[in-house]
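Structure record follows, encoded as structure tokens.
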Amino acid sequence: MKTKLTEISLNHPGKVITLALLITAFFLFQFPSVVIDTDPENMLPADEQVRVDDRKAKEDFDLYDFIVLGINSQESGFTPELLNKLTEITAEIEDIEGVISDDIIAPSVVDDISQGANGSIIIKPLVGDSVRSQKEADEILFRISQNKLLRGKLASPNGDLISIFIPIESKDLSHRISEQLKLIAENYGIGEDVFIAGLPVAEDSFGKEMFIQMGLSAPVAMLFIFVLMLIFFKKAKLVVAPLIISMMTVIWTMGLLIVTGNTVHIMSSMIPIFLIPISVLDSIHILSEFHDNLKKQSSKDLIITETISELFVPMLYTSLTTAVGFLSLSLTPIPPVQVFGMFVAVGVLFAWALSITVIPALLKLISTDSLKKFSELDEDKYLLNRVMKKLKQVSVSYGKVVIVLALFVIAVSAYGLNLIIVNDNPVKWFKESHPIRIADKIMNQRLAGTYINFLTLDGMKDDIFKSPEAAKYVEKLQEMIEQDDYVGATTSYADIVKKVRFELFEADSAKASLPDSRDEIAQLLFLFEMSGGDADDLYKLVTQEFDKANIWIQLKKGDNQIVSASVDRINKFIEDNPPPVPMEIRWAGLPYINVVWQDKMVSGMKDALSGSFLVVFIMMVILFRSFKWGVVSLLPLSLTILSIYAFIGFIGKPYDMPVAILSSLTLGLSVDFAIHFIQRLRKLFKEKESFNEAFDEVFKNTGKAIGRNVVVIAIGFIPMLFSSLSPYVTVGTFFLAIMLVSGLTTMVLLPSIVYTFQNLFYEKKNA
Amino acid sequence: MPNYIKVMQLPILLLTLLSMLSVKSSAQDALTAQEVMMKSHLAYYYSGNDGVSNVKMSIINKRGKERVREFVMLRLDKEEAGKQFYYIYFKTPSDVSRMTFMVHKDPSENDARWIYIPSIDLIKPISADDKNSSFVNSDFSYEDISGRHPDEDNHSFAESNETDSMSFVIESSSKEKYKGFARKVSYIDRNSFLPLRELYYNRKGVLIKEFTAEEIEEIDGIKTITVRKMTNHKKSSHTLVTMSSIKYNIGLTEEIFTERYLKNPPRKFMK
């Protein structure tokens, strides 16, 4: 039964390969109809409450996501020339397709209320048609610093950074628009001084760069793997086989994803990079085994059949456990992660099916001559052989020490796990040297913050926010929110009331407070509308019906940890200081959405991980038909997960989206070696005369195959460590760590336990 | 077959041409585009020596939500196409009722504006230098309410002026860079000289605003647009202005347009 499929492959190698190629072609033809979706917001279903609230807030207050353009004026200074240049630049920005030109916040278009001649007040754009003198420029900077509505938005306090907030129709335009912004700046000769920040840019650019990285790193990983296998197996003809399997697996899976109508999201774009190593693993086991068997047998068909029959069960189980690990992701409440998990699981099974059918067919077609040379590979000079010998000696001589050491590692890891900080920030998906990171850093140092959350208060009654009580409650909330170190500024309609009142009473600071009369609030705001103030600015802070108010909260940092602390503090304050009139409090804004999906992700991953851990354990008990072997087989897996995540805790790397996803990979991959090792060892126990003979043998074949796998995968993914996107670095590091730690525990801890407790584990021949 | 149709159409075509020629010879021969615009300016913004009307302004945003402002507007012309006084008394929304607003319009310089805020009993002059800014947050700008002097733009007859028997079609472009429009096409009634329709385009040639005269009535012998509509295509909003109880030449005096009357509205004109 085990070799049925393989026999078909051996009898009709050409047909099998043709069929596989036809299927591959079919899936390849699906690729052009791919729909790409790079919006991290889609991590949450469209009907998720937070997204519904966010859309509602955007609709109620006519809000858009912002790109923030910063101009470094540290060297040039806050000069008339620069301001006039910016006026022209702003006019050009207004013409960019996808920019909400009416809502741009820039020095030349934003209104300022000030004192005019003869005790009049003026509401007019802060920067007029042309700034003529340095004195005028200085006055503008002073006015920005004096106006709470503009402070920290348009310029830094000392004028070394000027900024323009650019609202855009939709986030997926931000990458293109930011490229156009750079071009405009270059045309005005200030290309060098321009920074572009804001979550939409980070998120959209990440999506774009992610796909470029994908197209780059997948082939590079394949190339590395190919070269490493060539070093191990010498024959290019043989080594091509795993690569073909790998490519077919990737094409089948992505083709299936597309043909089933799924979008290729940031998550699913990573499927290939996960499938490549997984699909190579089986092939390496087959080639290793095949190579070892070549010496014993003469008939090629027989060697292939024996190889497959030997590996059938462990390969099936390693594939199933890996699939289970990924399938568990479908338990998370995040649709793209579910899709990702399901399709990697399917891909793993594709890889398995291809490994036991196409590889035998390919081997069959290779001339016996080249196989001869393949079998003559020198054995003892091989570094891997020596390493395996050493490892065996370690478990024989220091078995107990290894066990104690492992216990110690577990204890330390348990502590390290508690140090894990859950945090994420799409801006930090770029390396520190990336322009987006630099822009983020400098602009948030000098300005009030490029991360914008909206706290909306729904008074559920028209005109409620004209009442002094409601206005004063908004003011009180702002005062509280602004105490937060990471909050650079808050803005509300109450600020406009206060500003108008202040200027109306000839800049009397005693009057820069909210009035006690409802009519006065209404009339001050009406005055603002009447006298040329851009009423649209007002209606971004309060609805025209005055039933809802909106507080803009500008944060200097977008780390989820900081955002959620800020949100929690505010929610708590509202709970302790309930509004004077009934109000529904809702949150909106990209930083807040990110917090919500991260929370779901973390708790979802916890359930997924513990669930699949249990399933894998049950599978092991069934596979080995033994409870004790089941327990032992989970040791490398547990130790790998524990130590890797403890390490993350110790070095203070935040537990972010990629790290969360990778726990399923860790689970799925790190049990594999143990399955191969135990399965083979127990088989050898039955075949060989003594414990020592079997113990010796398992290092020679399975040990070496595992060793090859560790080297190929670990090194194959090293190029990813140099990616400019940090999730890629994380993935590469994880592959390296998973391979090293689970390889080492499998080849050191498992043998040490088995050797030390021989009486318990040795199953005598014919017993 | 095609020839036959053409032959049949010929007399109609000739008739149409003739009728157009006759209109031209009677009314248009002497008028330049500039003159048409000036006549229109006077017919629309300077009708009678003075006037009073009740104005209801419905501002409808892109989601169809409507806000209503009601006010009484008094106007006194000091000179034709020149200085003008406006006085506005707000009635609704109720929390702004009794607020008053006054404009001394002078085409040769910036307008002088005053506002009275009853809740704090304060009259405040407001400096204005952007005539294109929105009037009470409607889709009409200040200039749409009180008029933009024709001399600020260059005017010429549009091609379709030849074929339009009902209205003059005039293309205008601003002499100086202007936020309100780069190019404007006006359809001016050949009889009353009232603007029937105006299309405002920006620099890129995109239609941004559109004015239409929805209803025209004859009041005290003066043709008056009683319902006018301004659509803002950029914001997908529109404002409907309905004027009622219109009276002309009621004997307003300059005295009413002073600060004193801001606090104490002239009751007899307020009803």
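Read through the list (1) assigned to a loop (DSSP other than H, G, I, E, B); (2) more than 14 Å from chain A (Cβ to nearest Cβ), then give the number of the only condition that B:E176 fails.
(2)
Among (1) away from chain B (no Cβ under 14 Å); (2) out of contact with any Pro (no Cβ under 7 Å at 6 or more places or on another chain); (3) surrounded by fewer than 16 Cβ atoms within 10 Å (Cβ to Cβ); (4) of a type outside the set (S, T, N, Q), which single condition is A:F195 missing?
All conditions are met except number (3).
Which condition from (1) at pLDDT 90 or above; (2) over 23 Å from A:M342 (Cα atoms); (3) in contact with a helix residue (DSSP H, G or I) (Cβ under 7 Å, 6 or more places away or on another chain); (4) not hydroxyl-bearing (S, T, Y) is the one that A:M620 breaks?
A:M620 satisfies all of (1) at pLDDT 90 or above; (2) over 23 Å from A:M342 (Cα atoms); (3) in contact with a helix residue (DSSP H, G or I) (Cβ under 7 Å, 6 or more places away or on another chain); (4) not hydroxyl-bearing (S, T, Y) except (2).
Looking at B:V206 and the list (1) out of contact with any Asp or Glu (no Cβ under 6 Å at 6 or more places or on another chain); (2) over 15 Å from B:S53 (Cβ atoms); (3) buried (at least 17 other Cβ atoms within 10 Å of the Cβ); (4) of a type in the set (V, I, T), which single condition is not satisfied?
Status for B:V206: all satisfied but (3).
Pairs only if they're at least six apart or on different chains, beta carbon under 7 angstrom, first in the stretch B:255-268 and at negative phi, second part of a helix (DSSP H, G or I); list them, first residue then second.
Correct list of pairs: B:P266/B:I256.
Can you spot a residue in the stretch A:85-97 that is more than 17 Å from A:D193 (Cα to Cα), among the charged types (D, E, K, R) and facing chain B (nearest Cβ under 10 Å)?
Checking the stretch A:85-97: at least one residue is more than 17 Å from A:D193 (Cα to Cα), among the charged types (D, E, K, R) and facing chain B (nearest Cβ under 10 Å).
Taking the condition within 13 Å of chain B (Cβ to nearest Cβ) and of a type in the set (S, T, Y), does A:T79 pass? Give the steps one after another, and end with the answer.
Working: within 13 Å of chain B (Cβ to nearest Cβ): no; of a type in the set (S, T, Y): yes.
Here the answer is no, as A:T79 does not meet what is asked.
Name the helices (runs of 4 or more DSSP H) wholly within the stretch A:486-567 that hold at least 3 residues that are within 9 Å of chain B (Cβ to nearest Cβ) and either at pLDDT 90 or above or at positive phi (or both)? Step through it out loud before you land on a result.
On the way: elements: A:493-504, A:518-530, A:535-538.
So the answer is A:518-530.
Suppose we filter the stretch A:520-534 for residues that are over 20 Å from A:S120 (Cβ atoms) and without any contact (Cβ under 8 Å) to a residue 24 or more places away in the chain; how many remain?
Taking the stretch A:520-534 first, the residues over 20 Å from A:S120 (Cβ atoms) are A:521-522.
Of the ones still in play, those that are also without any contact (Cβ under 8 Å) to a residue 24 or more places away in the chain are none.
Summing the residues that are over 20 Å from A:S120 (Cβ atoms) and without any contact (Cβ under 8 Å) to a residue 24 or more places away in the chain in the stretch A:520-534 gives 0.
Are there any pairs, at least 6 apart or on different chains, whose C-beta atoms fall under 7 Å, with the first in the stretch B:130-145 and within 11 Å of chain A (Cβ to nearest Cβ) and more than 20 Å from B:I60 (Cβ to Cβ) and the second at pLDDT below 80 and not in a loop (DSSP other than H, G, I, E, B), and if so, which?
B:D130/A:K124
Just give me the residues in the stretch A:234-265 being outside any helix (DSSP H, G or I) and farther than 24 Å from A:L223 by Cβ, in sequence order. Working first, answer last.
So the first thing to find is which residues in the stretch A:234-265 are outside any helix (DSSP H, G or I), and the list is A:234-235, A:260-265.
Within the stretch A:234-265, A:T260, A:G261, A:N262, A:T263, A:H265 meet the criteria.
Is at least one residue of the stretch A:494-508 of a type outside the set (K, R) and under 19 Å from A:E59 (Cα atoms)? If you could, list the steps in order and put the result at the bottom.
First pass over the stretch A:494-508, keeping only residues of a type outside the set (K, R): A:494-497, A:500, A:502-508.
Cutting the leftovers down to under 19 Å from A:E59 (Cα atoms) gives us none.
Within the stretch A:494-508, not a single residue is of a type outside the set (K, R) and under 19 Å from A:E59 (Cα atoms).
Search the stretch A:86-110 for residues that are on the phi > 0 side of the Ramachandran plot and pair each with any residue that is part of a helix (DSSP H, G or I) when their beta-carbon atoms are under 8 Å apart and the residues are at least 6 apart or on different chains.
So the pair list comes out as A:G98/A:L173; A:G98/A:R176; A:G98/A:I177.
Take the stretch A:666-679 and flag every residue that is of a type outside the set (G, A, S) and touching a Gly at 6+ places or on another chain (Cβ under 9 Å). Break it down into steps so the answer makes sense when it comes.
First, pick out the residues of the stretch A:666-679 that are of a type outside the set (G, A, S): A:666-667, A:669, A:671-673, A:675-679.
Across the stretch A:666-679, the qualifying residues are A:T666, A:L667, A:L669, A:V671, A:F673, A:F677.
Scan the stretch A:466-477 residue by residue and report those that are surrounded by fewer than 22 Cβ atoms within 10 Å (Cβ to Cβ) and in a helix (DSSP H, G or I). If you could, list the steps in order and put the result at the bottom.
Narrowing the stretch A:466-477 to residues surrounded by fewer than 22 Cβ atoms within 10 Å (Cβ to Cβ): A:467-469, A:472, A:475-476.
A:P468, A:E469, A:K472, A:E475, A:K476 - these are the residues of the stretch A:466-477 that are surrounded by fewer than 22 Cβ atoms within 10 Å (Cβ to Cβ) and in a helix (DSSP H, G or I).
Spot the failing condition for B:K234; the list is (1) among the charged types (D, E, K, R); (2) more than 14 Å from chain A (Cβ to nearest Cβ); (3) surrounded by fewer than 20 Cβ atoms within 10 Å (Cβ to Cβ); (4) out of contact with any Ser or Thr (no Cβ under 6 Å at 6 or more places or on another chain), and only one is missed.
Condition not satisfied by B:K234: (2).
When B:K268 is evaluated against the numbered criteria (1) surrounded by 15 or more Cβ atoms within 10 Å (Cβ to Cβ); (2) not in a strand (DSSP E or B), which criterion, by number, is the only one it fails?
(1)
Would you pick out the residues in the stretch A:599-628 that are assigned to a helix (DSSP H, G or I), among the charged types (D, E, K, R) and free of Cβ contacts under 8 Å to residues at least 40 places away in the same chain? First the steps, then the outcome.
First, pick out the residues of the stretch A:599-628 that are assigned to a helix (DSSP H, G or I): A:599-624, A:627-628.
This time we only want the ones that are among the charged types (D, E, K, R), so: A:599-600, A:606-607, A:628.
A:D599, A:K606 - these are the residues of the stretch A:599-628 that are assigned to a helix (DSSP H, G or I), among the charged types (D, E, K, R) and free of Cβ contacts under 8 Å to residues at least 40 places away in the same chain.
If I go through the stretch B:92-120 residue by residue, how many of them are among the β-branched types (V, I, T), crowded, with 21+ Cβ neighbours inside 10 Å and either within 11 Å of A:D519 (Cβ to Cβ) or more than 9 Å from chain A (Cβ to nearest Cβ) (or both)? Walk me through how you get there before you give the answer.
Within the stretch B:92-120, the first condition is being among the β-branched types (V, I, T), and the residues that meet it are B:92, B:96, B:100, B:103, B:115, B:117, B:120.
Next cut, crowded, with 21+ Cβ neighbours inside 10 Å only: B:96, B:100, B:103, B:115, B:117.
Still in the list and also either within 11 Å of A:D519 (Cβ to Cβ) or more than 9 Å from chain A (Cβ to nearest Cβ) (or both): B:96, B:100, B:103, B:117.
Looking only at that region, the number is 4.
Which of the residues belonging to the stretch A:328-345 are touching a residue at least 60 places away in the same chain (Cβ under 8 Å) and buried (at least 21 other Cβ atoms within 10 Å of the Cβ)?
A:S328, A:L329, A:T332, A:I334, A:P336, A:V337, A:V339, A:F340, A:G341, A:F343, A:V344 - these are the residues of the stretch A:328-345 that are touching a residue at least 60 places away in the same chain (Cβ under 8 Å) and buried (at least 21 other Cβ atoms within 10 Å of the Cβ).
Taking the stretch B:152-167 as the region of interest, how many residues are touching a residue at least 24 places away in the same chain (Cβ under 8 Å) and either closer than 30 Å to A:G128 by Cβ or in a loop (DSSP other than H, G, I, E, B) (or both)? I'd like the intermediate steps shown before the answer.
Taking the stretch B:152-167 and keeping what is touching a residue at least 24 places away in the same chain (Cβ under 8 Å), we get B:152-153, B:155-158, B:162-163, B:165-167.
From what is left, the residues that are either closer than 30 Å to A:G128 by Cβ or in a loop (DSSP other than H, G, I, E, B) (or both) are B:152-153, B:155, B:158, B:162-163, B:165-166.
Qualifying residue count for the region: 8.
To keep it simple, each residue is scored yes or no on (1) of a type in the set (D, E); (2) surrounded by fewer than 18 Cβ atoms within 10 Å (Cβ to Cβ).
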{"position": "A:I17", "(1), (2)": "no, no"}
{"position": "A:L21", "(1), (2)": "no, yes"}
{"position": "A:D37", "(1), (2)": "yes, no"}
{"position": "A:P40", "(1), (2)": "no, no"}
{"position": "A:K56", "(1), (2)": "no, yes"}
{"position": "A:D60", "(1), (2)": "yes, no"}
{"position": "A:E81", "(1), (2)": "yes, yes"}
{"position": "A:I93", "(1), (2)": "no, no"}
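When residues of the stretch B:133-151 are filtered for being part of a helix (DSSP H, G or I) and either over 14 Å from the mean Cα position of the chain (by Cα) or basic (K, R) (or both), how many remain?
Residues of the stretch B:133-151 part of a helix (DSSP H, G or I): B:142-146, B:150-151.
Narrowing further to those that are either over 14 Å from the mean Cα position of the chain (by Cα) or basic (K, R) (or both): B:151.
Counting residues in the stretch B:133-151 that are part of a helix (DSSP H, G or I) and either over 14 Å from the mean Cα position of the chain (by Cα) or basic (K, R) (or both) gives 1.
Among (1) out of contact with any Ser or Thr (no Cβ under 6 Å at 6 or more places or on another chain); (2) in contact (Cβ under 8 Å) with a residue 60 or more places away in the chain, where does A:K511 come up short?
It is condition (2) that A:K511 fails.
Being more than 27 Å from A:P578 (Cβ to Cβ), part of a helix (DSSP H, G or I), in contact with a Phe, Trp or Tyr (Cβ under 9 Å, 6 or more places away or on another chain) and in contact (Cβ under 8 Å) with a residue 40 or more places away in the chain, is that true of even one residue in the stretch A:449-461? It would help to see each step written out before you state the result.
So the first thing to find is which residues in the stretch A:449-461 are more than 27 Å from A:P578 (Cβ to Cβ), and the list is A:449-451.
Filter once more, keeping what is part of a helix (DSSP H, G or I): none.
Looking for residues that are more than 27 Å from A:P578 (Cβ to Cβ), part of a helix (DSSP H, G or I), in contact with a Phe, Trp or Tyr (Cβ under 9 Å, 6 or more places away or on another chain) and in contact (Cβ under 8 Å) with a residue 40 or more places away in the chain, one finds none in the stretch A:449-461, hence no.
Taking A:Q483 as meeting all but one of (1) farther than 30 Å from B:I123 by Cβ; (2) touching a residue at least 24 places away in the same chain (Cβ under 8 Å), write down the number of the exception.
Unmet for A:Q483, out of (1) farther than 30 Å from B:I123 by Cβ; (2) touching a residue at least 24 places away in the same chain (Cβ under 8 Å): (2).
Looking only at residues in the stretch A:123-150 that are within 12 Å of another protein chain (Cβ to nearest Cβ) and in contact (Cβ under 8 Å) with a residue 40 or more places away in the chain, which one is surrounded by the most Cβ atoms within 10 Å (Cβ to Cβ)?
So the first thing to find is which residues in the stretch A:123-150 are within 12 Å of another protein chain (Cβ to nearest Cβ), and the list is A:123-125, A:128-130.
Remaining after also requiring in contact (Cβ under 8 Å) with a residue 40 or more places away in the chain: A:123-124, A:129-130.
Numbers: A:I123: 26, A:K124: 19, A:D129: 9, A:S130: 10.
Once the filter is applied, the top-ranked residue is A:I123.
The values are calculated or read from the model by the stated rules, or taken from the named source; none is laboratory data. It should be emphasised that the depicted structure is a prediction, and the values quoted were computed from it without experimental measurement. In this analysis, Cβ positions are derived from the backbone assuming ideal geometry, glycine residues included, and neighbour counts consider all displayed protein chains.
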